[in-house]
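The values are calculated or read from the model by the stated rules, or taken from the named source; none is laboratory data. Predicted, not measured: the structure shown is a model, and the values here were computed from it. Quick reminder, even Gly has a Cβ in these numbers, built from the backbone with ideal geometry, and neighbours come from all protein chains shown.
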Ligand SMILES: CC(C)(COP(=O)(O)OP(=O)(O)OC[C@H]1O[C@@H](n2cnc3c(N)ncnc32)[C@H](O)[C@@H]1OP(=O)(O)O)[C@@H](O)C(=O)NCCC(=O)NCCS
């Protein structure tokens, strides 16, 4: 007899158990087809994980707050030395990022293709630019913009930039609702 170890998630992605621990999803979470969520991962209401992401909570835990989006092809992992990945509410993580053992407070923003390494910390409304590499243990303070490889602080964010960041998050929240309606129509 084989034991079940994967299930369909709302939206069509997949949940996998590891050592008997299953991911936990709140109401209204969208997991796009091709995305895989493994083990000790909890995702808050209205968050979305897009096509072909991997969130692997095996040797440590991963937490996502409410209304957060993780865009296509991004990998989220943890460090076995006790470094979890904790992501707050209304965070935007762009396409093809690598988020490893990182803490991201509410309204944080990680631009497309960026890498954040173990022990990094992004404070509320902090921004990591597209393509940046945040080397281990770096701290992006609230409303700072960090750019480059390795990333350094470029400047403080303007009110307009913060407004655009919030609009990006809202756009993804609305898009996730539409996808859920379309892809789970037969389940409702
Ligand atoms: C960092 C960022 C905010 C800069 O935007 P900006 O202030 O409008 O910058 P500009 O386009 O005016 O460029 C200013 C300078 O910074 C450089 N620059 C811009 N973005 C850069 C980046 N991501 N990495 C390195 N250098 C960058 C430009 O080449 C330019 O250099 P120059 O003066 O030597 O020509 C923007 O490029 C970015 O990364 N946005 C994130 C977008 C994203 O990932 N969205 C998620 C997907 S939905």
Would it be correct to say that residue 176 is within 18 Å of the chain's Cα centre (by Cα) and outside any helix (DSSP H, G or I)?
no
How many of the residues making up segment 102-115 are buried (at least 24 other Cβ atoms within 10 Å of the Cβ) and either on the phi > 0 side of the Ramachandran plot or touching a residue at least 60 places away in the same chain (Cβ under 8 Å) (or both)?
1
Filter result for residue 115 (closer than 25 Å to residue 28 by Cβ and either away from the ligand (no atom under 13 Å from the Cβ) or touching a strand residue (DSSP E or B) at 6+ places or on another chain (Cβ under 7 Å) (or both)):
no
Is it the case that segment 82-100 has a residue that's outside any loop (DSSP other than H, G, I, E, B), away from the ligand (no atom under 12 Å from the Cβ), in contact (Cβ under 8 Å) with a residue 12 or more places away in the chain and closer than 20 Å to residue 162 by Cβ?
yes
Here are some conditions: (1) in contact with a strand residue (DSSP E or B) (Cβ under 9 Å, 6 or more places away or on another chain); (2) over 22 Å from residue 96 (Cβ atoms); (3) surrounded by fewer than 22 Cβ atoms within 10 Å (Cβ to Cβ). Residue 39 meets all but one. Which one does it not meet?
(3)
Do the conditions hold for residue 73, that is, is it modelled with pLDDT of 95 or more, more than 19 Å from residue 178 (Cβ to Cβ) and part of a loop (DSSP other than H, G, I, E, B)?
yes
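Residues checked against (1) surrounded by 20 or more Cβ atoms within 10 Å (Cβ to Cβ); (2) over 20 Å from residue 116 (Cα atoms); (3) modelled with pLDDT of 95 or more; (4) within 13 Å of the chain's Cα centre (by Cα):
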residue: 23; (1), (2), (3), (4): yes, yes, yes, no
residue: 26; (1), (2), (3), (4): no, yes, yes, no
residue: 47; (1), (2), (3), (4): yes, yes, yes, yes
residue: 63; (1), (2), (3), (4): no, no, yes, yes
residue: 68; (1), (2), (3), (4): yes, no, yes, yes
residue: 98; (1), (2), (3), (4): no, no, yes, yes
Given the residues 24, 66, 61, which is the only one that is free of Cβ contacts under 8 Å to residues at least 60 places away in the same chain and over 20 Å from residue 180 (Cα atoms)?
61
Which of the residues belonging to segment 118-163 are within 9 Å of the ligand (Cβ to nearest atom), touching a residue at least 24 places away in the same chain (Cβ under 8 Å), more than 18 Å from the chain's Cα centre (by Cα) and not in a loop (DSSP other than H, G, I, E, B)?
154, 161
Look at residue 180 and say whether it is farther than 27 Å from residue 81 by Cα, more than 12 Å from the ligand (Cβ to nearest atom) and in contact (Cβ under 8 Å) with a residue 12 or more places away in the chain.
yes
